[in-house]
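One structure is given below, encoded as structure tokens.
The values are calculated or read from the model by the stated rules, or taken from the named source; none is laboratory data. Everything numeric here is computed off the predicted structure, so don't read it as measured data. Glycine also receives a Cβ, built like all others from the backbone with ideal geometry; neighbour counts cover every protein chain displayed. All accessible areas refer to the heavy atoms of the entire protein, side chains included, with ligands and DNA or RNA removed. Shrake-Rupley method; radii C 1.70, N 1.55, O 1.52, S 1.80 Å.
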Amino acid sequence: QVQLVESGGGLVQPGGSLRLSCAASGSIFVYVMGWYRQTPGNQRELVARITNGAGSGTYYADFVKGRFTISRDNAKNTVYLQMNSLKPEDTAVYYCNRVPSSWEWGQGTQVTVSS
């Protein structure tokens, strides 16, 4: 079972940027990886995913398209989410996992967008 540790969240003003990291305890090379987010009272939703291997293919939910970029470093077993032009509605706890999710969820990292 791979363990996931997310980091990089924080408080940022609208229009600001953050870079999230997700470190996995094992190899992620063969897996499609994704970033998800969850707000209180709502289900966790997929934000972005990246294909396995070199990660040449990406998908973004409409609500982050053009603002967020997912990437991966298989040598470091790490997935990143660069978030630009942040909006208050991006406030959530962000998690990473396989797509579809099947590993145990990490603790997530809180992103708060507020002035």
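Given the Cα-Cα distance of residue 39 and residue 2 and 0.36 nm per residue of separation, how much length would full extension add, in nm?
Answer, rounded to one decimal: 10.9 nm.
May I ask for the distance between the Cα centers of region 54-115 and region 2-16, given as a whole number of Å?
Region 54-115 and region 2-16 have Cα centres spaced 9 Å from each other.
Using a 1.4 angstrom probe on heavy atoms only, work out the carbon and sulfur share of the accessible area of the chain in %.
In the chain, the share of accessible area belonging to carbon and sulfur is 47 percent.
Could you list which residues have their amide H under 5 Å from that of residue 108, counting only those 5 or more apart in sequence or on another chain, with H placed in the peptide plane?
When sequence neighbours closer than 5 places are left aside, the close amide H contacts are 6.
Remind me, relative contact order of the chain in percent, using alpha carbon pairs under 8 angstrom and six or more residues apart?
38 percent
Considering only protein heavy atoms, what per residue accessible area in square angstrom results for the chain with a 1.4 angstrom probe?
Accessible surface, normalised per residue, equals 51 Å².
Enumerate the calculated ³J(HN,Hα) couplings along region 78-87 in order (Karplus 6.51 cos²θ - 1.76 cosθ + 1.60, θ = phi - 60°), each rounded to whole Hz, writing x wherever the residue is Gly or Pro.
Values, residue by residue: 10, 10, 10, 9, 8, 10, 10, 6, 5, 10 Hz.
In region 1-65, which chymotrypsin sites (Phe, Trp or Tyr not before Pro) are in a loop and have at most 14 other Cβ atoms within 10 Å, using DSSP for the loop call?
29, 63
In the chain, what percentage of the DSSP-assigned beta bridges are antiparallel, given to the nearest 5?
Around 90 percent of the beta bridges assigned by DSSP in the chain are antiparallel ones.
Where Lys and Arg each count +1 and Asp and Glu each count -1, what net charge lies around residue 47 among other residues with Cβ under 11 Å from its Cβ?
Value of the local net charge: +2.
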